[in-house]
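Derivation of every value follows stated rules applied to the coordinates shown; laboratory data play no part. Note that the structure is predicted; figures quoted are calculated from it, not measured. Here the Cβ is made from the backbone with ideal geometry for all residues, glycine too, and neighbour counts use every protein chain on show.
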Amino acid sequence: MKLLVTGGAGFIGSNFILYWMKNYPQDKIVNLDILTYAGNLENLKAVEKNPNYTFVHGSICDLKVVEEAMDGIDCVVHFAAESHVDRSILNPSDFIMTNVVGTQVLLDAALKCNIKRFYHVSSDEVYGSLDLDDKSKFNERTNYNPRSPYSASKAASDHLVRAYHETYGLPITITNCSNNFGPYQFPEKFIPLAITNILEGKKVPVYGDGLYVRDWLYVTDHCRAIDLVLNKGKIGETYLVGGMTDNVSNLEVVKKILKIMGKDECAIEYVKDRLGHDRRYAVDWSKIQKELGWKPLHDFNEWLEKTVQWYKENENWWKDVKTGEYKKYYKEQYGKL
Ligand code: NAD
Ligand code: TYD
């Protein structure tokens, strides 16, 4: 099989390529990535010389580049996106261009190239926000209710993917996944930001009261879910993918990280809240479990500890990315912190 992976130099995309090339060494992978601040070819050092791996530097918004990259491809696994909510609040337009227009360009090319499967990687954030005292979870029948420019752009892309299936018969699958963590996650996101700030002797910024809840999933579990849906999922279907944590607040996550790293809670700094901050995400993943036999296997506490260890052992990786553009963004977002 020959796969086109978009955004393969980012966090989940690179973990997916490493996972796929280990488990399916006979398959060929083309990685199309424009290398924004979040794309890093260092993540793929282990496979860069593999003859079954090709990197194409270009944008998913560029039809010519996309059509060339899709030549001879069986399946497209579409990760490429602007992915950080805080940046979407500062500057929504990049999110509309990449996440909405870029997805539409890929869909047009996929039709033209007779792609056998267009796999769209999406987010649980399209469903909006749950209350803390509400026991319910998102499922495949939950109405869309995106509340940030990021989640609105992902929702729009999901609708386009389904529309191309219904209208033109494009063979698609979609997964909406909860918050991932693990190696190679850009340190603008909460867990790697907390770990690397502590390693640098800085404070950890906690938004608002810190009682926001995410459904944390180790990135390899996400890759396993994509593998199953790609191989056994039903065309046209959507599957929700979530973690094993039950109502763990951001504050509890930071406290766990501080404990793992042997630091006290003085490192916590409450900062102004994110605009329109979604209170709680929780995912009911029983459909993918029942139909495809998937469940998360990586325990949050154990793999949080391993993730801390990874950032400790890969200081060069995160020090390199916490320069230049990152510093500018950090100052705009966090001021003097
Ligand atoms: P990321 O920001 O780490 O990586 C995104 C990648 O896309 C980067 O390599 C970047 O260079 C590339 N890219 C951006 N614009 C591009 C363009 N125009 N053309 C080609 N490449 C482009 O993101 P991530 O965290 O790895 O997320 C990957 C996907 O998974 C996204 O679609 C995101 O919405 C989705 N998702 C992420 C999470 C999470 O917790 N990180 C959870 C659920 C879903
Ligand atoms: P994030 O990693 O940005 O993922 P998302 O917004 O897509 O869920 O944030 C996870 C949670 O952590 C979210 O509730 C916002 C919060 N957060 C902070 O409290 N401080 C921070 O500096 C960041 C980046 C996030």
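Things to note:
Here is a yes/no grid of residues against (1) closer than 24 Å to Gln333 by Cα; (2) hydrophobic (A, V, I, L, M, F, W, C); (3) not in a strand (DSSP E or B):
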site	(1), (2), (3)
Leu228	no, yes, yes
Tyr239	no, no, no
Lys259	no, no, yes
Tyr270	yes, no, no
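- Selected residue (only one of Val100, Val77, Val65 is buried (at least 16 other Cβ atoms within 10 Å of the Cβ), away from ligand 2 (no atom under 16 Å from the Cβ) and more than 19 Å from the chain's Cα centre (by Cα)): Val65
- Restricting the first member to region 84-104 and to residues that are over 16 Å from Tyr334 (Cβ atoms) and of a type in the set (Gly, Ala, Ser), and the second to residues that are more than 16 Å from ligand 2 (Cβ to nearest atom) and in a loop (DSSP other than H, G, I, E, B), the beta-carbon pairs closer than 6 Å and six or more apart or on different chains are Gly102/Ile60; Gly102/Cys61.
- Each residue in region 275-314 was checked for being in contact (Cβ under 8 Å) with a residue 60 or more places away in the chain and within 28 Å of Arg141 (Cα to Cα), and 20 pass.
- Those helices (runs of 4 or more DSSP H) lying entirely in region 284-327 with at least 1 residues among the aliphatic types (A, V, I, L, M) and more than 25 Å from Val229 (Cβ to Cβ): 300-313, 315-321
- Every residue from region 237-260 that is more than 14 Å from ligand 1 (Cβ to nearest atom) and among the β-branched types (Val, Ile, Thr): Val248, Val254, Ile257, Ile260
- Count of region 174-203 residues, restricted to those that are within 14 Å of ligand 1 (Cβ to nearest atom) and either in contact with a Cys (Cβ under 9 Å, 6 or more places away or on another chain) or within 30 Å of Asn114 (Cα to Cα) (or both), is 4.
- Scanning region 127-144 for residues that are free of Cβ contacts under 8 Å to residues at least 24 places away in the same chain and closer than 12 Å to Tyr281 by Cβ yields one hit, Thr142.
- Selection of region 103-112 for residues being of a type outside the set (S, T, N, Q) and either closer than 14 Å to Ala81 by Cβ or surrounded by 19 or more Cβ atoms within 10 Å (Cβ to Cβ) (or both) yields Val105, Leu106, Leu107, Ala109, Ala110.
- Of all the listed residues (Glu269, Glu265), the sole one being of a type in the set (Asp, Glu) and loosely packed, with under 12 Cβ neighbours inside 10 Å is Glu265.
- Test: residue in region 209-219 that is away from ligand 2 (no atom under 12 Å from the Cβ), more than 22 Å from Tyr37 (Cβ to Cβ) and either part of a helix (DSSP H, G or I) or of a type outside the set (Phe, Trp, Tyr) (or both): no
- Residues located in region 8-53, provided they are of a type in the set (A, V, I, L, M, F, W, C), within 16 Å of ligand 2 (Cβ to nearest atom) and assigned to a loop (DSSP other than H, G, I, E, B): Ala38
- When region 278-337 is filtered for residues that are touching a strand residue (DSSP E or B) at 6+ places or on another chain (Cβ under 9 Å), farther than 24 Å from Ser151 by Cβ, of a type in the set (A, V, I, L, M, F, W, C) and surrounded by 14 or more Cβ atoms within 10 Å (Cβ to Cβ), the ones remaining, listed by number, are Leu292, Trp303, Leu304.
- Being touching an Asp or Glu at 6+ places or on another chain (Cβ under 6 Å) and not basic (Lys, Arg) is a property that holds for Tyr281.
- Between Leu292, Leu275, Leu228, the distinction of being more than 23 Å from Gly10 (Cβ to Cβ) and touching a Leu at 6+ places or on another chain (Cβ under 9 Å) belongs to Leu292 only.
- Residue in region 84-92 that is surrounded by 22 or more Cβ atoms within 10 Å (Cβ to Cβ) and within 8 Å of ligand 1 (Cβ to nearest atom) present: no
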